[in-house]
1. If you check every pair at least six apart or on different chains, which have Cβ atoms under 6 Å apart with a residue in region 40-60 that is on the phi > 0 side of the Ramachandran plot first and a residue that is open to solvent by 40 Å² or more (accessible area, probe 1.4 Å) and of a type in the set (Asp, Glu) second?
2. Mind listing whichever residues of region 1-24 are open to solvent by less than 50 Å² (accessible area, probe 1.4 Å) and either modelled with pLDDT under 90 or assigned to a loop (DSSP other than H, G, I, E, B) (or both)?
3. Can you tell me which residues in region 56-71 are under 10 Å from the mean Cα position of the chain (by Cα) and in a strand (DSSP E or B)?
4. Considering only residues that are touching a Leu at 6+ places or on another chain (Cβ under 8 Å), of a type in the set (A, V, I, L, M, F, W, C) and open to solvent by 70 Å² or more (accessible area, probe 1.4 Å), which ones fall in region 58-88?
5. Restricting to region 39-50, and then to whatever is more than 20 Å from Asp17 (Cα to Cα) and either at pLDDT 95 or above or part of a strand (DSSP E or B) (or both), can you tell me which residue is most open to solvent (accessible area, probe 1.4 Å)?
Amino acid sequence: MKKIMSTTESEITPIIDRLEAMVMDDSDSIQVRNFDLYGLNLASVSFDHETGIFTIQAFRDNQVFKFDNIDLVAIDIYEILRDLKLTF
């Protein structure tokens, strides 16, 4: 069986790690993290422990998204960061 993965770490893994840390950190009922690239704050993600809902505010196009699935949040954050990378 041929191994498909490359030797570099997935770009989505650090995003998932940060999101999981938000879920695990119960010091506040709402956890907030910013996602930056090239010194630009591209998105803010909040996690509400009471509802289990993630809210993403994408600053570039001023949109707000809500998800109850960590994988969907990670994909959306990845796409926000990738969109900026593709413009340079």
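1. If the second residue must be open to solvent by 40 Å² or more (accessible area, probe 1.4 Å) and of a type in the set (Asp, Glu), the pairs left are Gly52/Asp68.
2. Correct list: Ile12 only.
3. Ile56, the sole residue that qualifies.
4. Listed by number, the list holds a single entry, Phe59.
5. Glu50
The values are calculated or read from the model by the stated rules, or taken from the named source; none is laboratory data. Everything numeric in this text was worked out from a predicted model, so none of it was measured. Every residue, glycine among them, receives a Cβ derived from its backbone with ideal geometry; neighbour counts consider all protein chains shown. Heavy atoms of the whole protein, side chains included, go into the accessibility calculation; ligands, DNA and RNA do not. Shrake-Rupley method; radii C 1.70, N 1.55, O 1.52, S 1.80 Å.
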